Ligand SMILES: *Cc1c(COP(=O)(O)O)cnc(C)c1O
């Protein structure tokens, strides 16, 4: 990465040795790992038995490296490492062996079924992942006052709305152009001009379940030499892998469904190699994740803790089957709520009268269902997020909400336990009435994330809480 460094013969020896290692790893990925099914990648990632025996005393689970830093054999190895001429972890703000395995598992899962290569940069949270992904495209190219803008779906997570509208727009004068109907490709197109730096979309969006045609928006972005960044937190790679459909970068709040247990906050940025951008930087284009990891994030410090990396890795091993179960449970709950007399409307992408049902059905598939004994054919799954509106307005919605016994009242999602919130008074409280109207959040909306309980018990809880509304 640092091309000004003078390479001594001693450094060269380390570089050669590591190039041999990198070539061996690339071959292993291409010939072995890329041929595995999704579940096998989720369980093993790049951590394998020979490496474990040689380097980690045979530990069958990825070790948690709490050490702040790495020691080197001599000055040559140190100089080569710090110039990023050899793979290194140096200091845990920059990299760490435990986060390395987390990153590779996510890069491979998001790249599942994709011909090209992907890489990942772990982050301390989903918000840090979003900042990490958008920041490199907002650099000043010519002059300090030049106008810069980006185009993003207005239906997005409340924290994303705050980051874009307050931190970027108000504080740094970088214009965020909100797309209010993301299915309207002309609306996207009209908002792009020569100062646009990237397109950004969340899908399905939290909590409104917005969706758009990824392939069309990716084509539009690329026609303008712009990258498309997708927040695919709600879908997870078990249901949707946007890079296969043309997206350049995927961001995750791994806090959510990827860490179903609810143990901790973490995030990830996964990018295709050789992405599209109008920023003139060859390293950034070639390997975006590595670039942000080694340079930008080294200097900003939004790194993931190694303990958290392994906790999340453990949760991800069973991602596919959990997302399948939680999706099926959500479908049952959605069908119940839709027919309930005290419910004004129920929104779930899996309901065939949802306006985005057909579009999302083209993209949301349970990975490897065709290889699953239980299904033996492609199967649509729509995730564990749904929402519904209680009849009678905000007050009655609170009465219903306070009556829940089994379902937890919390601003969380992706849990193995069912969780509900009222977005207008929680996740989307800060953006005010106008912001909520833009994002499509009515005051009587309840966001419900169905967990892995038996759905009959969740339905019974909803039923008794609705009975309390008079
Ligand atoms: C929660 C969430 C985020 C933010 O992630 P944190 O890990 O809480 O920082 C971003 N996007 C979506 C869709 C989310 O649900």
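The values are calculated or read from the model by the stated rules, or taken from the named source; none is laboratory data. Source: prediction; values computed, not measured. No Cβ is skipped: glycine too gets one built from the backbone with ideal geometry, and neighbour counts run over all protein chains shown.
Of the residues 437, 420, 394, which single one is more than 16 Å from the ligand (Cβ to nearest atom), more than 16 Å from residue 467 (Cα to Cα) and in contact with a helix residue (DSSP H, G or I) (Cβ under 8 Å, 6 or more places away or on another chain)?
On the way: 437 fails: in contact with a helix residue (DSSP H, G or I) (Cβ under 8 Å, 6 or more places away or on another chain); 420 fails: more than 16 Å from the ligand (Cβ to nearest atom).
The match here is 394.
Please go through segment 1-60 and pick out each residue that is touching a residue at least 24 places away in the same chain (Cβ under 8 Å) and not in a helix (DSSP H, G or I).
Listed by number, the residues that qualify are 1, 2, 5, 7, 8, 37, 45, 46, 47.
Name the residue that is surrounded by the fewest Cβ atoms within 10 Å (Cβ to Cβ), counting only residues in segment 199-216 that are within 29 Å of residue 424 (Cα to Cα) and away from the ligand (no atom under 16 Å from the Cβ).
In this case the residue turns out to be 213.
Let me spell it out: the conditions are (1) farther than 20 Å from residue 121 by Cβ; (2) more than 14 Å from the ligand (Cβ to nearest atom); (3) out of contact with any helix residue (DSSP H, G or I) (no Cβ under 7 Å at 6 or more places or on another chain), and residue 329 meets all of them except one. Which number is the exception?
(3)
Restricting the first residue to segment 398-418 and requiring it to be in the same structural domain as residue 259 (by TED's automatic domain parsing), which pairs with a second residue that is within 16 Å of the ligand (Cβ to nearest atom) meet a Cβ separation below 7 Å and a spacing of at least six or different chains?
none
Output the residues belonging to segment 96-128 that are away from the ligand (no atom under 15 Å from the Cβ) and assigned to a helix (DSSP H, G or I). Spell out how you get there, then give the answer.
Narrowing segment 96-128 to residues away from the ligand (no atom under 15 Å from the Cβ): 96-101, 103-105, 107-120.
Within segment 96-128, 97, 98, 99, 100, 101, 103, 104, 105, 107, 108, 109, 110 meet the criteria.
Do we have residue 326 as under 24 Å from residue 427 (Cα atoms), touching a residue at least 60 places away in the same chain (Cβ under 8 Å) and buried (at least 16 other Cβ atoms within 10 Å of the Cβ) here? Spell out the reasoning first.
On the way: under 24 Å from residue 427 (Cα atoms): yes; touching a residue at least 60 places away in the same chain (Cβ under 8 Å): yes; buried (at least 16 other Cβ atoms within 10 Å of the Cβ): yes.
Yes; evaluated as a whole, the condition is true for this residue.
Within segment 427-436, which residues are under 24 Å from the mean Cα position of the chain (by Cα) and either surrounded by fewer than 15 Cβ atoms within 10 Å (Cβ to Cβ) or touching a residue at least 24 places away in the same chain (Cβ under 8 Å) (or both)?
We begin by selecting, within segment 427-436, every residue under 24 Å from the mean Cα position of the chain (by Cα); these are 427-431, 435-436.
Result: 427, 428, 429, 430, 431, 435.
Return yes or no: is residue 201 in the same structural domain as residue 255 (by TED's automatic domain parsing) and under 21 Å from residue 257 (Cα atoms)?
Details: in the same structural domain as residue 255 (by TED's automatic domain parsing): yes; under 21 Å from residue 257 (Cα atoms): yes.
So residue 201 passes the test.
With the requirement that a residue be within 23 Å of residue 156 (Cβ to Cβ) and either assigned to a helix (DSSP H, G or I) or touching a helix residue (DSSP H, G or I) at 6+ places or on another chain (Cβ under 6 Å) (or both), what does segment 349-381 give you?
Hits for segment 349-381 are 349, 350, 351, 357, 358, 359, 360, 361, 362, 363, 381.
Restricting segment 17-31 to residues that are more than 15 Å from residue 88 (Cβ to Cβ) and surrounded by 11 or more Cβ atoms within 10 Å (Cβ to Cβ), which is nearest to the chain's Cα centre (by Cα)?
Within segment 17-31, the first condition is being more than 15 Å from residue 88 (Cβ to Cβ), and the residues that meet it are 20, 23-24, 26-31.
Next cut, surrounded by 11 or more Cβ atoms within 10 Å (Cβ to Cβ) only: 26, 28-30.
Values: 26: 25, 28: 26, 29: 22, 30: 24 Å.
Once the filter is applied, the top-ranked residue is 29.
Quick one: count up the residues across segment 129-176 that are part of a loop (DSSP other than H, G, I, E, B) and either crowded, with 21+ Cβ neighbours inside 10 Å or touching a residue at least 60 places away in the same chain (Cβ under 8 Å) (or both). I'd like the intermediate steps shown before the answer.
Within segment 129-176, the subset part of a loop (DSSP other than H, G, I, E, B) is 139-148, 154-157, 173-174.
Right, trim to either crowded, with 21+ Cβ neighbours inside 10 Å or touching a residue at least 60 places away in the same chain (Cβ under 8 Å) (or both) and you get 139, 141, 154-157.
Of the residues in that region, 6 qualify.
Please pick out the residue among 135, 155 that is within 26 Å of residue 258 (Cα to Cα) and more than 15 Å from the ligand (Cβ to nearest atom).
Numbers: 155 fails: more than 15 Å from the ligand (Cβ to nearest atom).
Checking each option against the conditions leaves just 135.
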